[in-house]
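Peer 1: Take a look at this one; I'll ask things after.
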Amino acid sequence: MFHVKHPVPRSAPGPGGGGGAPYGPADLARDLDLAAADLDRLELYADLLVKWQRRINLVGGGTVADMWRRHFLDSAQLRPLVPAGALVVDLGSGAGFPGLVLAILHDGPVHLVESDARKCAFLREADRVTGAGAVIHNGRIEALDLPRADVVTARALASLDRLLAHAAPILKPGGFCLFPKGRAVASELTEIGKTWNMTLSRIPSRSDPSGVVLRIEGISRKDV
């Protein structure tokens with residue numbers, strides 16, 4: 001059965017600052033009520049990302065100029081949705097969104113899973129510089145012995161069907177997934193409704209007016 005909950009929409013932010021200035025760290029701190037120490041660590045992360053981006057493709061080149069909205073806000077908006085102390089497993093962490101952002105902001109353990117060795121090298125350095133304390137796993141999701149998770153996250157990794165297939169075996173009873181998705185999510189939801197039972201909440205994205213954060217729990221495959 002496919003249950004859908006509809007929360008009250010929240011508006012996404014416009015450009016940060018006045019006069020159309022790009023969304024920046026001060027805007028993020030204001031919108032999410034971040035502590036100064038946490039913002040400092042995120043800025044260290046951002047500086048390192050820009051430096052490494054010149055050598056390896058960590059994020060889309062066209063998104064760097066708007067990274068505080070496109071990547072940091074898009075990731076940090078998950079923090080209030082994660083219970084205190086929860087164990088988080090972030091699948092396909094890439095440059096660390098949302099996993100490393102959560103490791104910086106969250107008060108529980110965060111595991112990052114990434115198959116690309118170069119991106120893992122970046123994640124380890126970013127973790128060291130920020131003191132995030134993340135556990136980094138270099139390998140394919142299906143080949144790793146991952147801990148049971150209270151929350152599974154993933155961003156721009158795969159279709160919802162594949163994400164649920166990866167998440168289901170590692171979720172604890174009562175655990176749930178948080179997946180930021182864009183405007184094409186409706187067709188994906190139609191497809192997974194054919195093969196998965198779940199309870200689904202759609203939370204309007206704070207970084208993209210056309211996007212949502214999907215909160216998915218009670219996952220099981222339908223009998224075929």
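Throughout, read-outs are computed from the coordinates displayed, never taken from laboratory work. None of the values given here were measured: they were computed from a predicted structure. Please note: Cβ atoms are built from the backbone with ideal geometry, for glycine as well, and neighbour counts cover all protein chains shown.
Peer 1: Between Ala65 and Ala143, take the C-beta separation as r, use R0 = 35 Å, and let me know the FRET efficiency to the nearest 0.05.
Peer 2: The formula returns an efficiency of 0.45 here.
Peer 1: Run the reach check for Lys222 against lysines, Cα to Cα strictly under 18 Å, same-chain hits fewer than 8 apart removed. What comes back?
Peer 2: Lys194
Peer 1: For the chain, what does the helix formula give at 222 nm: sum of -39500 (n - 2.57) over DSSP H segments with n ≥ 4, over the residue count, nearest 500 deg cm²/dmol?
Peer 2: Result for the chain: -8500 deg cm²/dmol, rounded to the nearest 500.
Peer 1: Moving on. Considering only Asn57, Val101, Ala121, whose Cα is most displaced toward the positive end of the charge dipole of the chain, charges sitting on Cβ of Lys, Arg (+1) and Asp, Glu (-1)?
Peer 2: Result: Asn57, furthest along the dipole toward the positive end.
Peer 1: How large is the convex hull of the C-alpha atoms of the chain per residue, in Å³?
Peer 2: About 121 Å³ per residue, rounded to a whole number.
Peer 1: For the chain, what does the relative contact order come out to in percent, with C-alpha contacts under 8 Å and a separation of six or more?
Peer 2: Dividing the mean separation by the residue count of the chain yields 23 percent.
Peer 1: Across the Cα atoms of the range 147-224, what radius of gyration and what greatest pairwise Cα-Cα distance (Dmax) are found, in Å?
Peer 2: That works out to 12.0, 38 Å for Rg and Dmax.
Peer 1: Still on this model: Trypsin sites (Lys or Arg not before Pro), restricted to the range 141-204: which are DSSP loop and have at most 14 other Cβ atoms within 10 Å?
Peer 2: Arg148, Arg183, Lys194
Peer 1: DSSP loop (so not H, G, I, E, B), at most 11 other Cβ within 10 Å: list which trypsin sites (Lys or Arg not before Pro) in the range 52-125 pass both filters.
Peer 2: Taking the range 52-125 and a limit of 11 other Cβ atoms within 10 Å, the loop trypsin sites (Lys or Arg not before Pro) found are Arg54, Arg55.
Peer 1: With point charges of +1 on the Cβ of Lys and Arg and -1 on the Cβ of Asp and Glu, referenced to the Cα centre of the chain, which listed residue (Gly139, Ala76, Leu163) lies farthest in the positive direction of the dipole?
Peer 2: Positive-most Cα among the choices belongs to Leu163.
Peer 1: Taking the Cα centre of the chain as origin, sum charge times position over the Cβ atoms of Lys and Arg (+1) and Asp and Glu (-1), and report the length of that vector in debye to the nearest 20.
Peer 2: Dipole of the chain, to the nearest 20 debye: 380 debye.
Peer 1: A follow-up question, please. Using bins 10 angstrom wide from zero, how does P(r) for the range 109-174 break down, in % of all Cα pairs?
Peer 2: Result, from short to long distances: 19, 51, 27, 3 percent.
Peer 1: Same structure again: Dimensions of the range 44-132 along principal axes (Cα, Å, largest first)?
Peer 2: Its Cα atoms span 36, 26, 21 Å along the three principal axes.
Peer 1: A further question on this structure: Rounded to the nearest 20 Debye, what is the dipole magnitude of the range 35-133 about its Cα centre when Lys and Arg each give +1 and Asp and Glu each give -1 at the C-beta?
Peer 2: Computed about the Cα centre, the dipole is about 300 debye.
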